[in-house]
Structures are given as structure tokens and as C-alpha cells.
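The values are calculated or read from the model by the stated rules, or taken from the named source; none is laboratory data. Since the structure is predicted, the reported quantities are computational estimates derived from the model, not experimental observations. Glycine gets a Cβ as well: all are built from the backbone with ideal geometry, and neighbour counts include every protein chain shown.
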């Protein structure tokens, strides 16, 4: 590695102030610190520092996402061939999915990192690692049939309007990856909702086998409310829904990375063990979701309300959202107590929107963005309670 | 038996080079210095000139704003140099020690020990006052104040570990005397914090003192954490704190009437050949210990512990409050793809490196920053290592916004740098927590006067 090091040392001066490429200093620094942990030493304060840094933290999240990514690739191929009425091998499925998903990932990273590098240079900052995670999250929460230019546009919107205008990673109010999805959702609704977009090639509509529906469990479940539910029982609704095992393992249509709850649990285990993701938020979300599901069971107004509460954990993007999106440390609540409230409210609202808002079969994305908005308010009251405890102490001690 | 305060939060940094329980005599040294930088917020006014002869206990400079507070020479000898830095800021007064040591002498009578005013006056005159630290702010106490309590921590949990019991063994009588003197200074209690691990410690058998037992990792031994759990500082309160070894110095002075006597320090860290305890005098030039240190490679010499100490260089001088001389390697080398490696040999409080596989390992920690400075990203990290009911990130943000009211509400009176040092250590974003906090404290001092 000495060769590489001396090469970097040789070209470094031309990137520094008054060098030929000084306008690319942030970019150079990003690549240099990617290759080598810088030799910077502490100057003030503690003489030693923990070996953790943001690069490691973010790469732990990326590692935690790999099971979802790999399964998502396989599942893309599986559903594609199934929609054509063909049976296919494991590797055929995977390879097909790989070829469909990889371009989305590439577009997301190229656009997002491009903007990140440019804005870091404009501010004279080091490039922040936050987009390493957003860049992989964006493809995983998109339907596989989404046009690439839409991914590019959505990513640009999320990074510029969602993050950089606020000052970059750490300053943003909303989760950037979800903003990208919300952008597509509101700008091009037909490309991210309905029954066709979740299956690769189905929008184009060629050779789809008769009677095949690409409907997600959520849109099936939504049939359990309103007029369509008139003569339906919860048993018949459950028969229409995929098998519980299939929903847990992920053999269902949906956004690329959200379908396999098993893969998500693997990711959650990594996040919780390393301490990178907040177990409080994950647990509180699940409890909020189950609690609200149970309450709906008690009220039992229609078949959807009667569905066993755990169905809500298995359908749609709830599990993925609770593990990977709601736990984003920047946009979630930051106090311990706040995390419980934030998570629980997220779980409760998701079930509410799913069941009582027929316009949106899924509520996860909007609920997380809404909770992001309220997170500072929740924290405000938690911190306020701390202040009041301190003031109370004065009164009791006098 | 006192109640045990169990602290669950905190962190033990397992580092190589903790001192072995052996007390050696320090190699003789003739170079000493008194440094204003040892004292937070001090503006000094010099009392000596180059070439002046001084005794141990002769004032070298005084506090410009409170001239009754004197800073004295630790040894008798000659002032050899007065070093100034930028804008003529006084850096250090160097003193060359005589072979025969003479100390300033004070007459201590029974009546001195009975009167609070006389005790304070004697301490001021003898140059013992700087050992009394005031909370809030962590500055030298105001002699005119009457604190609501005085706190002494009888154990030290900062890395590398230190055994205060061992350091003051043989000096118990002086320690008791010191506590008795302190008891006169407050109408409240004198609190002594002891570790639940060596609860049977000899310090426990002292009268005139309220013993509090703490269990937990660092920062359980920090006096600030102990105050928070026993008798927290509210707005308008003043509490005084002293280092355990300074209590010994105080007791010795009031027994003998003579300034000085030095203290026990630990010479420790992975670059020390044989980490052990030494008897040394504050302000001594560490060049005297050169033989005990492995100087190969770039090395950092720290007066104090690795979290809060001061980097003093190879020929620097030991600080007034230092209990340790810590020597560790500098980490000024590039590590190829370090952030992506398993890093079995790197310590981390998180489990994102695989060093969690070796729970008992001790690490040769270096001074590499291990990353670049970022905005606050990760949440809940500081809270895990701060056993106090305080939200540190919110406090730091209030300081950055220079919002005095908010700083007060969020508990700035209860903290000094050492209490947040672990937050700085674990910080993923490499934020300089201690210097931000000091900036806030300085703002508070300015605002309150």
C-alpha cells in the first residue's frame, strides 16, 4: 500500500489551496480518507478517540441492508418469471433481478454523491458519509419498474431540497431516502402505486399470463374495507392474502427491499448488536403497531380491522421502515424517552392510515415523514421535563 | 453503612500501561516550573524577576483579579527564565532548584485551626488556595464564598487506572487532618466519595466526613458525578472540591507549618517501560524521567490522564493538579482502509468493530482522531457514558448558540470538562466537546459578573 500512499502524497499538493485542482479538494479528501484513515491526531480535549467514525457507522448500516438487497434482487426475478407464467431457476431469478436493480442503485449513487461532493466543495467541508446509506435505501424502497430518470430526479430533489439546503447530513429534518420516494409518489403517482409497478416488466404489459395480479398484500387487504367488504369475512380476506409464511419470508410483490421480513430481521440484529440502530424505536414501533392492530380487532368494524395485528408487521413496508428508516438518528427523536414515544406513534399511525384511509393502502412513508416533523417537538417536551426536574430540585432543597 | 449509589452508565477504557503498585523515588531533578495554564481562567500577575531567589512556598505570581490568591514556587532555588508566548502571555516561570531545600514556614497554633478566617488567610498566604476548586465553573474558589458543601473523591476511575488508596497510604494522618481543616470551611458537610470495590478502604474510617459509596465505571470517580447524585448544584449554589492528595498536602501543612512535600504520581501509559508510582514534586520537569520512557517513534507526553490531561512535550513540566504522567504513542500514521477493517486491536465502545470478540484485552491506544469532524449525527451516544440526568447534546447546542438561559436550564452549573470527556471520546462525529463546554462556562462567568 506504500505505493498508493506515496502516489496520493505526490498528487495531494495540486488539490490543496492554490493548487491546479483546488476546486476538487473535497473530492480528493473524500477519496483519500476512504483509502486511508487520515493521520490527524487529537489537539485539544481527550488525547484518545474511539475508533468509530461516521464511515464505519454508515457502512454498518449498508452491511445490514445487504440481506434485503440480495433477497430483493432474487424476488424481482422470481416475480417477473412468475408473471410470465414461467418457472425459473434460482440463479436465473437472481441474475434477472441483479440486472434490473443494479442500474437503479447506480443512478441513485451517482446523482446523490455527485451533489454531495459538489456541495461539500462549495461549503469547504469534508464530504459527509450520510449518502452512503441513503443511496442504497432509495433503490430498496422503489418499485422495480420505476423509470431511471425518475430515480435521478427524485434523488436530486431529496439531496438538494431535503438535505443540503438545511446544511447537509445531521441538519436535515426529513429522511432523505423517504423524501425521494415521496417525490415520486406525488409527482408521478401512477409509477409507484397500483398493482402493476411491483413486477418487473408488468407495466409494459407483455405476455403477462392470464389471471396474474401483481397486487401487494396491502392492496388486497384494502379490499377488506368500504364497499368491497360488504359480504366479506375476515376468513375470506385471509384466504385472499398470501400465506403468512410467504409474507414473512418475502415471496410477495412489493418495493425491492421491503418484502422479506426475515432479511429485515437479520439487518435489525446487526443494527441492534452494533448499537448503530436504536432498538427502542424498533421495539416501540412494533408495540405501537400491534397495540393499534389489537384495538382495531376489539372494535371490529370490517374484515380489515379484524385481521390479526401481526399481519401489519408482515404486510407492506412497515418492518423495513421501522428498522431502517424510522431509526435514522438525525431525523428521529434523539432523547431516550422521545424514541419510545416517536416509535409508538409511528406504529399506531401506520395502522390507522392503512385501515381508515382508503386513498393510501400504505402509510409507512408518510407517517415516518410526519413523525420526522414531530420528532423535535417530542424531544422538546422530553428536554423540558428535564429542565423542570432541575427547577423542582431548587424548590425542594430550599 | 452508607448507601451505595449504583451508576450504570459509563465506560471503562481498557488501556495498556496501568501503574503497578510499587512506589519508587523519582530521579532527582533541578528543573521546575510554575504554569498559569494549569489554572482555568487565570490572569496572572508576576511577583518575581529572572535571577530572583525563591524558597519553596514563595509567591511566583498572583491572580490579577484576586491578588490574595498566590501561586508559589514548589522548591527553593533561582528563577532562571520567564517564558512568554503570543501577546506576551505568561507561559511558565522556570525555577532551578538548589541542592539544599528551604521552605517558607508558618506558625500554626490551636487558635488558627479554630477560626475559619484564619485558616483561609493562612491557606492564601501559604499558596495552598489554588487547590480549592469551585463548582460551578471548575475555577479556583473565591475565598470570600461559603460553600454549601465540600466534596473530595477518594477514587479515580479515569484511564489509565489509578489507586488513590495506595497513593496516600502512610499519609492517612495528614489526610484526616486535612479533612478536619476543610470541615471548618463549610457550614455544610464534607463529602468523601469512595468506590464500592474497595469499600474497606482505609479512607472509610475517617471522622468528620460523610462517606458516599459509588459503584460503576468511569466517570463514577469524578467528583462532579458524585455531587450530582449526593447534593446537586443548583443556580446560585457554590460547592468546593479538592483532589484527595491535596487534602494530604493541606493536612501536612497544618501539622508542620511547612509548604511542600510533593505528592505521589503514577507514571503510566503504553510507552512507559515500567509503569509504577513515583514520589514527585508538582511542576517538575519530566526530562528527569526520560530513562523510564520509551521514546521511539512519535510520543505524546501528557500531564494528567488521557481524557483531560495536557500535552506537555518531552521536556515539559508536570501540572499542579496532575496525578499522572501518561505517555502514549502518537497516532500520526495513515491506516489503509482502516474504517473498513475488522480492527481487532482497536478499542471501541461500540460493537461495530470486531474487537468486541476480545473482552479482556488491553489496548495500546494512540492519539489518532480516527476519522474526520462532522455534524452531530448519531444520537444517544453521549447519554450512554454520562451517569447524570443531563442531555449533553442539547446543552452543547445551547452553548454553540450562546443561549445563556438555556445553558443554565440544561445544567451547565453541574459540569466541567472532565465530566463530558467520555462523551468526547466516544463521539462518532469527533466533536470537541470539552472545548465547547469550556467556551460555555467562560460565557457564563462573563455573563454573571
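Taking the numbered list (1) assigned to a helix (DSSP H, G or I); (2) within 25 Å of residue B:370 (Cβ to Cβ) in turn, residue A:108 passes all entries but (2).
Is it true that residue B:378 is at the interface with chain A (Cβ under 9 Å from one of its Cβ atoms), surrounded by 16 or more Cβ atoms within 10 Å (Cβ to Cβ), more than 25 Å from residue A:3 (Cβ to Cβ) and modelled with pLDDT of 80 or more? Criteria met by residue B:378. Residue check: is residue A:48 under 24 Å from residue B:332 (Cβ atoms) and more than 31 Å from the chain's Cα centre (by Cα)? Spelling it out, residue A:48 is indeed under 24 Å from residue B:332 (Cβ atoms) and more than 31 Å from the chain's Cα centre (by Cα).
Given the condition surrounded by fewer than 19 Cβ atoms within 10 Å (Cβ to Cβ), part of a helix (DSSP H, G or I) and within 14 Å of chain B (Cβ to nearest Cβ), answer yes or no: does some residue in segment A:127-148 qualify? No, every residue in segment A:127-148 fails to be surrounded by fewer than 19 Cβ atoms within 10 Å (Cβ to Cβ), part of a helix (DSSP H, G or I) and within 14 Å of chain B (Cβ to nearest Cβ). Of the residues making up segment A:138-170, those that are under 18 Å from residue A:127 (Cα atoms) and touching a residue at least 12 places away in the same chain (Cβ under 8 Å) number 12.
For residue A:279, the requirement of being within 14 Å of another protein chain (Cβ to nearest Cβ) and either more than 17 Å from residue A:65 (Cβ to Cβ) or surrounded by fewer than 22 Cβ atoms within 10 Å (Cβ to Cβ) (or both) is met.
For residue A:359, state whether it is more than 19 Å from residue A:265 (Cα to Cα) and not in a helix (DSSP H, G or I). It is true that residue A:359 is more than 19 Å from residue A:265 (Cα to Cα) and not in a helix (DSSP H, G or I). Filtering segment B:196-247 to residues that are over 26 Å from residue B:127 (Cα atoms), at pLDDT 90 or above, touching a strand residue (DSSP E or B) at 6+ places or on another chain (Cβ under 8 Å) and part of a loop (DSSP other than H, G, I, E, B) leaves B:216, B:220, B:221, B:231, B:233.
Among the residues making up segment B:62-113, those that are in a strand (DSSP E or B), under 18 Å from residue B:260 (Cβ atoms) and in contact with a helix residue (DSSP H, G or I) (Cβ under 7 Å, 6 or more places away or on another chain) are B:70, B:71.
Output the residues belonging to segment B:278-313 that are outside any loop (DSSP other than H, G, I, E, B) and more than 26 Å from residue B:434 (Cα to Cα). Residues satisfying the conditions are B:278, B:279, B:280, B:284, B:285, B:287, B:288, B:289, B:290, B:291, B:292, B:293.
Note on segment B:263-275: residues that are in contact (Cβ under 8 Å) with a residue 40 or more places away in the chain and surrounded by fewer than 18 Cβ atoms within 10 Å (Cβ to Cβ) amount to 1. Being closer than 14 Å to residue A:85 by Cβ and at pLDDT 75 or above is the filter; apply it to segment A:211-223 and report the residue that is surrounded by the most Cβ atoms within 10 Å (Cβ to Cβ). Restricting to residues being closer than 14 Å to residue A:85 by Cβ and at pLDDT 75 or above, the top hit is A:214. Across segment B:235-243, not a single residue is classified as farther than 24 Å from residue B:179 by Cβ, surrounded by fewer than 21 Cβ atoms within 10 Å (Cβ to Cβ) and more than 11 Å from every other protein chain (Cβ to nearest Cβ).
Can you pull out the residues in segment B:402-443 that are within 12 Å of another protein chain (Cβ to nearest Cβ), part of a loop (DSSP other than H, G, I, E, B) and either in contact with a helix residue (DSSP H, G or I) (Cβ under 8 Å, 6 or more places away or on another chain) or free of Cβ contacts under 8 Å to residues at least 60 places away in the same chain (or both)? Once the filter is applied, which keeps residues that are within 12 Å of another protein chain (Cβ to nearest Cβ), part of a loop (DSSP other than H, G, I, E, B) and either in contact with a helix residue (DSSP H, G or I) (Cβ under 8 Å, 6 or more places away or on another chain) or free of Cβ contacts under 8 Å to residues at least 60 places away in the same chain (or both), segment B:402-443 yields B:410, B:411, B:427, B:428, B:429, B:431, B:432. Within segment B:350-368, the set of residues being surrounded by fewer than 20 Cβ atoms within 10 Å (Cβ to Cβ), assigned to a loop (DSSP other than H, G, I, E, B) and either out of contact with any helix residue (DSSP H, G or I) (no Cβ under 6 Å at 6 or more places or on another chain) or in contact (Cβ under 8 Å) with a residue 24 or more places away in the chain (or both) comprises B:358, B:359, B:360, B:361, B:362, B:364. State yes or no: is residue A:332 within 18 Å of residue A:261 (Cα to Cα) and either assigned to a helix (DSSP H, G or I) or within 14 Å of another protein chain (Cβ to nearest Cβ) (or both)? No, not satisfied. Against the condition more than 9 Å from chain A (Cβ to nearest Cβ) and in contact with a strand residue (DSSP E or B) (Cβ under 9 Å, 6 or more places away or on another chain), how does residue B:399 come out, does it pass? In short, no. Is it the case that residue B:399 is assigned to a loop (DSSP other than H, G, I, E, B) and either touching a helix residue (DSSP H, G or I) at 6+ places or on another chain (Cβ under 6 Å) or closer than 23 Å to residue A:380 by Cβ (or both)? Criteria not met by residue B:399. Looking at B:190, B:248, B:225, just one residue is within 23 Å of residue B:422 (Cβ to Cβ) and buried (at least 23 other Cβ atoms within 10 Å of the Cβ), and that residue is B:225. Just for segment B:329-349: of the residues that are in a loop (DSSP other than H, G, I, E, B) and more than 7 Å from chain A (Cβ to nearest Cβ), which one is surrounded by the fewest Cβ atoms within 10 Å (Cβ to Cβ)? Filtering first and then ranking leaves B:342. None of B:287, B:311 is facing another protein chain (nearest Cβ under 9 Å), surrounded by fewer than 23 Cβ atoms within 10 Å (Cβ to Cβ) and at pLDDT 90 or above except B:311. Listed conditions (1) at pLDDT 85 or above; (2) assigned by TED's automatic domain parsing to the domain that holds residue A:102; (3) surrounded by 19 or more Cβ atoms within 10 Å (Cβ to Cβ) are all met by residue A:169, apart from (1).
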